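Student: First the structure, then my questions, so here it is.
The values are calculated or read from the model by the stated rules, or taken from the named source; none is laboratory data. Keep in mind that what you see is a predicted model, and the values were worked out from it rather than measured. All Cβ positions, even for glycine, are placed from backbone atoms using ideal geometry, and neighbour counts span all protein chains on display. Side chains included, ligands, DNA and RNA excluded: accessible areas come from the protein's heavy atoms. Shrake-Rupley method; radii C 1.70, N 1.55, O 1.52, S 1.80 Å.
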Amino acid sequence: MTRKFVVFFVLATALLAICGTSLAHHGEAGSYDNTVRITVKATVSEIVWVNPHAQLYIDFKNDKGENEHWGIEMLSPGNLVRIGWNKNTFKPGDAVLVSMTPAKGDRPFGSCGQIVSPEDKKFMVGQCGVPGGNVAALPVKAGYAAVEAKFPAFPVGQNVAGPNVPEKN
């Protein structure tokens with residue numbers, strides 16, 4: 001009887017160890033291209049304040065002058081509240097500067113939404129899968145270089161390294 005219990009315990013422990021990663025929170029490495037960035041001036045069209053991740057939708061022009069509608073995956077609403085957001089931080093029609101990593105496969109969705117309101121200098125950081133959170137160190141994605149916006153440095157003491165896109169010559 002004891003031998004059966006030990007064998008069962010060892011097998012159960014091994015199964016849990018192998019399957020433990022299936023219980024982990026989903027990763028974004030497979031969804032986003034963390035090797036390039038897009039940094040633009042945009043207009044907020046909508047904010048969706050839901051779990052598991054809030055989403056900010058923006059409109060901006062690409063290098064060809066075409067309008068694009070993008071979504072940005074952010075933290076959960078609870079985590080956003082902890083860093084200073086609320087569901088009315090940005091409203092439709094607000095102008096924002098955004099630096100993000102685009103989704104793979106040319107889908108109009110991004111992550112690492114580092115956002116600043118040009119009027120009142122609100123600095124907000126969404127979810128970021130870029131090592132060190134330094135989006136500014138990434139090259140600009142093709143098709144967005146001509147519309148690249150100058151992004152100010154985040155204030156000293158900001159809990160995530162923010163982009164400081166240099167001015168164009």
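Student: What does a probe at K61 reach in the range 77-99, counting residues whose amide N is under 17 Å from the point 7 Å along Cα→Cβ?
Tutor: 95-98, by backbone N distance to the label point.
Student: Keeping all protein chains in position, work out how much accessible area V48 exposes to a 1.4 Å probe, and write it in Å² to the nearest 10.
Tutor: Accessible surface of V48 is approximately 40 Å².
Student: Pull out the extension gain between A153 and D33, defined as 0.36 nm times the separation in residues minus the alpha carbon to alpha carbon distance; nm, one decimal.
Tutor: Numbers: separation 120, 0.36 × 120 = 43.20 nm, distance 2.26 nm.
Fully extending the segment from A153 to D33 adds 40.9 nm.
Student: Between V50 and T2, with labels modelled 7 Å along Cα→Cβ, what's the label distance in nm to one decimal, could you check?
Tutor: 5.6 nm
Student: Which entries in K87/K150; K41/K91; K61/K87; K41/K87; K41/K104 show an alpha-carbon gap greater than 18 Å?
Tutor: Working: K87/K150 26 Å; K41/K91 15 Å; K61/K87 25 Å; K41/K87 21 Å; K41/K104 21 Å.
Checking Cα-Cα distances, K87/K150; K61/K87; K41/K87; K41/K104 exceed 18 Å.
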